[in-house]
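Beneath this line is the structure, given in structure tokens, with notes to follow.
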Amino acid sequence: MSITVNGLDELKKLAGSNLGTSDWIDVTQERINTFADATGDHQWIHVDVEKATDGPFGAPIAHGYLTLSLFIPLFTGLLDVEGVTTKVNYGLNKVRFPSPVKVGSRIRLVAELAEVEDVPGGVQVTVDGAIEIEGGAKPAAVLQSVSRFYA
């Protein structure tokens, strides 16, 4: 369920809040192949289904950076900030990939709005998140993302 706030003042009030859990996203071979084409990373562990099935994970796996890139649609499913002119990905403070995402898996985001601080013309938001794999013992990614929202 998405939380909607209107403007920077309402966003500031959410600092320290648990944003909840996003909907699931399917990680398909088609999504992996499209990412491989976009990035030029066609390593067999991602795109050669037959070879990857005989490989260390028993199936093709998503690129770590594909999993990371899915943070954005997962996050926007948790928090909708209206009444701002610009939303900017400012970067990451840290990220780790504890577990591979096998093709056919579903992932979701569990997130907390760790910090909201003023910057010229807007606010900077730090989000602590874990991208979980359905049925997985460990998350696919653990990260701290930084975004900026401008009035």
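Structural remarks
- Every residue from segment 63-91 that is among the aliphatic types (A, V, I, L, M), touching a residue at least 40 places away in the same chain (Cβ under 8 Å) and surrounded by 14 or more Cβ atoms within 10 Å (Cβ to Cβ): Leu68, Leu70, Leu74, Leu78, Leu79, Val81, Val84
- Subset of segment 100-133 (residues that are more than 15 Å from the chain's Cα centre (by Cα), under 30 Å from Phe57 (Cα atoms) and open to solvent by 60 Å² or more (accessible area, probe 1.4 Å)): Lys102, Gly104
- Segment 1-32, subset touching a Pro at 6+ places or on another chain (Cβ under 9 Å) and part of a helix (DSSP H, G or I), residue surrounded by the fewest Cβ atoms within 10 Å (Cβ to Cβ): Gln29
- Subset tally (residues that are more than 23 Å from the chain's Cα centre (by Cα) and either under 29 Å from Asp80 (Cα atoms) or of a type in the set (S, T, N, Q) (or both)) for segment 14-54: 1
- Residue ID - surrounded by the most Cβ atoms within 10 Å (Cβ to Cβ), chosen from residues in segment 53-62 that are of a type in the set (A, V, I, L, M) and in contact with a strand residue (DSSP E or B) (Cβ under 7 Å, 6 or more places away or on another chain): Ile61
- Scanning segment 33-49 for residues that are part of a loop (DSSP other than H, G, I, E, B), under 16 Å from Pro100 (Cβ atoms) and open to solvent by 80 Å² or more (accessible area, probe 1.4 Å) turns up just one, Gln43.
- Condition met for Phe57 (closer than 30 Å to Glu112 by Cβ and either under 17 Å from the mean Cα position of the chain (by Cα) or in a helix (DSSP H, G or I) (or both)): no
- Segment 60-84, residues that are under 18 Å from the mean Cα position of the chain (by Cα) and assigned to a loop (DSSP other than H, G, I, E, B): Ala62, His63, Leu70, Gly77, Leu78
The values are calculated or read from the model by the stated rules, or taken from the named source; none is laboratory data. The shown structure was predicted, so the numbers you read here are calculated from the model rather than taken from an experiment. No Cβ is skipped: glycine too gets one built from the backbone with ideal geometry, and neighbour counts run over all protein chains shown. Quick note on the areas: whole protein, heavy atoms, side chains included, nothing else; ligands and nucleic acids left out. Shrake-Rupley method; radii C 1.70, N 1.55, O 1.52, S 1.80 Å.
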